[in-house]
Amino acid sequence: MDFSLGEDRQMLVDSLRRFLADKYPFATRTAAAFEGPGWSRDLWGQMAELGAVGALFGEDAGGFGGSPFDVGVVFGEIGRALVTGPWLATLQAGHVLAAAGRHDDLAAMIAGERVISYAEEEADTWFDASAITTRSTARGESWVLDGAKAVVSCAGSVDALVVVAKTDAGLSTFMVERDAAGLTVHDYLLVDGGSAGDVTFAATPAVLIGEAGGAAPVIEAARALALVALSWEAVAVMDVLRDQTLDYLRTRKQFGIVIGKFQALQHRMATMALEIEQARSAAINAADLYSADRVSRERAVSAAKTTIGKAGSLAAEEAIQMHGGIGMTWELAMSHYAKRLIMLGHELGDEDHHLARYIALGQELEPA
């Protein structure tokens, strides 16, 4: 099989990598990630101009990419530079808007003029959409929302939210402006950088996206694409950890020789490299099977998430241990990559959750 990215994707990767290396060095990233809103709106706009947002959506929706591999390469560069911001939420929100034909909203997102986050999870849902309790009620030709959402990406600093709620017809999606009446946000910075917020709705005006009650398949597909994105991001972070650890082993001396000559550390690095390649294969497989039937798609993304959870924990732990005490310091970029990798393993469901889901989906393939 040909695993090359192709000329267009490679050009996008190269331009994003050069731009982020120049405009988003580690010191700049640290300031943006752990101060104020936890992300840079200015950087977001510049990346949108380079096509980072447009690459997430297909030409029929106003973008110029939209395939799982386009999404993967963008999130790979986001991971490589540890860029903070509502990237994953924008991907999911945009997928919902595209499915409903809301091209004007998408065009504003792609241009970087409007940033829209995504609010689905609640404190007790654990990635089960059927457990959502936030409700929307029709009032004449309009709708109002009541309920709460947890850990909504950059909720305090975006322009609007795409919200998943229940109606009498079933799961539905709604657009809610950030300054809408009855909407309150308790926002906070995250341990690995960036920000999120807990959002409450009290008779908050909302605009229905698509048809009432028909959102479940779109929500599931949006989450599957987000899992592809997280898998590619995690592999990119692992690559950086591997390279930084190799550089350290080649320069750190003990007993008069570089520690990379110690066979025990060579064996540990070999195991780490093998696990990263396993995670890369799972991420590629998830992107490839995204367009397959539902069960194949969902099994592939859960397999990838399980794999990056396992490989990511190993990569983070080994990188820190082989660096020694310096590996835990705030000043060393590697410690931030390790922290982000651990959090990626938990985002949208941890290793245990997706392993159980993979097994359950497999039972649907068994003959009755």
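Keeping the other protein chains in place, figure out the carbon and sulfur percent of the accessible area of segment 146-229, with a 1.4 Å probe. List each step's numbers first, then the result.
Working: 1630 of 2860 Å².
Reported share for carbon and sulfur atoms: 57 percent.
Net charge within 14 Å of residue 209 by Cβ-Cβ distance, Lys/Arg positive one each and Asp/Glu negative one each, not counting residue 209 itself? All intermediate terms of the calculation are to be shown ahead of the outcome.
On the way: positive: 102; negative: 104, 105, 120, 177, 211.
With Lys, Arg at +1 and Asp, Glu at -1, the net is -4.
For residue 261, give me every one of the lysines with a C-alpha distance below 25 angstrom, ignoring sequence neighbours fewer than eight places off in its own chain.
Correct list for residue 261: 253.
Kindly report the accessible area of segment 186-250 per residue (heavy atoms of protein chains, probe 1.4 Å, no ligands, DNA or RNA), in Å². Walk me through the numbers before you get to the answer.
Values: 2180 Å² over 65 residues.
In whole numbers, segment 186-250 has 33 Å² accessible per residue.
For the chain, find the longest principal axis of its Cα atoms and tell me its angle to the long axis of helix 294-323, 0 to 90°, nearest 10.
In the chain, helix 294-323 runs at an angle near 40 degrees to the longest axis.
Give the share of C-alpha pairs in each 10 angstrom bin for segment 279-358, from 0 to the last occupied bin, in whole percents, shortest bins first.
Result returned by the calculation: 20, 41, 25, 12, 2.
State the Cα centre-to-centre distance between segment 247-304 and segment 1-54 in whole Å.
If we compute the Cα centre of each part, the gap is 23 Å.
May I ask for the Kirkwood hydrodynamic radius of segment 57-179, worked out over all distinct Cα pairs and given in angstroms to one decimal? Mind showing how you got there, number by number?
Numbers: mean 1/r = 0.0650 Å⁻¹.
After inverting the pairwise mean of 1/r, the radius is 15.4 Å.
Could you tell me how many degrees, from 0 to 90 and to the nearest 10, lie between the Cα long axis of helix 87-99 and the main elongation axis, the longest principal axis, of the Cα atoms of the chain?
So the inclination is approximately 40 degrees.
Please compute one quarter of the surface area of the Cα convex hull for segment 205-347 and express it in square nanometres. Numbers along the way, then the final one.
Values: hull surface 44.9 nm².
That works out to 11.2 nm², a quarter of the Cα hull's surface.
Please find, in a Gaussian network model of the chain (springs between Cα atoms separated by less than 10 Å), the residue of 196, 224, 180 whose mean-square fluctuation is greatest.
So, out of 196, 224, 180, the one fluctuating most is 180.
Round to the nearest 10 and give me the degree value, 0 to 90, for the angle of helix 68-81's Cα axis relative to the longest principal axis of the chain.
In the chain, helix 68-81 runs at an angle near 60 degrees to the longest axis.
How large is log10 of I(q)/I(0) for segment 54-107 at q = 0.15 Å⁻¹ when the intensity is taken from the Debye formula with one equal scatterer per alpha-carbon?
Rounded to two decimals, the profile gives -0.39.
I need the peptides 335-344, 232-241 ranked by packing, meaning the mean over residues of other C-beta atoms within 10 angstrom, with the highest value on top.
Numbers: 335-344: 22.3, 232-241: 26.4.
Highest-to-lowest ranking by the protection proxy: 232-241, 335-344.
Rounded to the nearest 0.05, what FRET efficiency is calculated for residue 49 and residue 207 with R0 set to 30 Å and r the Cβ-Cβ distance? Mind dumping the intermediate values first?
Values: r = 28 Å, r/R0 = 0.93.
Step by step, r from the Cβ atoms, then E = 0.60.
Using packing as a proxy for protection, rank 145-156, 271-282 so that the peptide with the highest average count of other Cβ atoms within 10 Å comes first.
Details: 145-156: 21.5, 271-282: 18.2.
Output ranking for 145-156, 271-282: 145-156, 271-282.
Once all Cα-Cα distances of segment 1-97 are split into 10 Å bins that start at 0, what whole-number percent is in each one?
Using 10 Å bins, I get a P(r) of 15, 49, 29, 6, 0 for segment 1-97.
What whole-number value in Å² describes the accessible area per residue of segment 1-125 for a 1.4 Å probe?
Values: 5230 Å² over 125 residues.
Each residue of segment 1-125 exposes 42 Å² on average to a 1.4 Å probe.
Using alpha carbons only, how many angstrom separate the centre of segment 202-238 from the centre of segment 179-200?
18 Å
Can you pull the one-decimal nm distance between simple spin-label points at residue 108 and residue 333, each 7 Å off the Cα toward Cβ?
With each label placed 7 Å out from Cα toward Cβ, I get 3.6 nm.
At residue 220 and residue 159, where each label point lies 7 Å from the Cα along Cα→Cβ, what is the point-to-point distance in nanometres?
That separation, rounded to one decimal, is 3.2 nm.
At 222 nm, what helix-only mean residue ellipticity would the chain give, in deg cm²/dmol to the nearest 500, using -39500 (n - 2.57) for each DSSP H run of four or more? Don't jump to the answer; show the numbers that get you there.
Values: 11 runs with 189 residues, N = 368.
Dividing the helical sum by the residues of the chain leaves -17500 deg cm²/dmol.
Mind putting a number on the dipole of the chain about its Cα centre? Charges go on the C-beta only, +1 for Lys and Arg and -1 for Asp and Glu, and I need it in Debye to the nearest 20.
On the way: 30 positive and 49 negative charges, 238 e Å.
Rounded to the nearest 20 debye, it is 1140 debye.
Within 9 Å, Cβ to Cβ, of residue 108, how many net charges do the neighbouring residues add up to if Lys/Arg are +1 and Asp/Glu are -1?
Working: positive: 114; negative: 104, 105, 113, 159.
That works out to -3.
Put one equal scatterer on each alpha carbon of the chain, apply the Debye formula with no solvent term, and list log10 I(q)/I(0) at q = 0.07, 0.08, 0.10, 0.13 1/Å to two decimals.
-0.31, -0.40, -0.63, -1.04
Less than 22 Å apart at the alpha-carbon level, and either on another chain or at least 8 residues along: which lysines does that give for residue 305?
Within the straight-line limit of under 22 Å, residue 305 reaches these lysines: 339.
The values are calculated or read from the model by the stated rules, or taken from the named source; none is laboratory data. Note that the coordinates shown come from a computational prediction; the quantities given were computed from them, not determined experimentally. Quick reminder, even Gly has a Cβ in these numbers, built from the backbone with ideal geometry, and neighbours come from all protein chains shown. Accessible surface areas use protein heavy atoms only, side chains included; no ligands, DNA or RNA. Shrake-Rupley method; radii C 1.70, N 1.55, O 1.52, S 1.80 Å.
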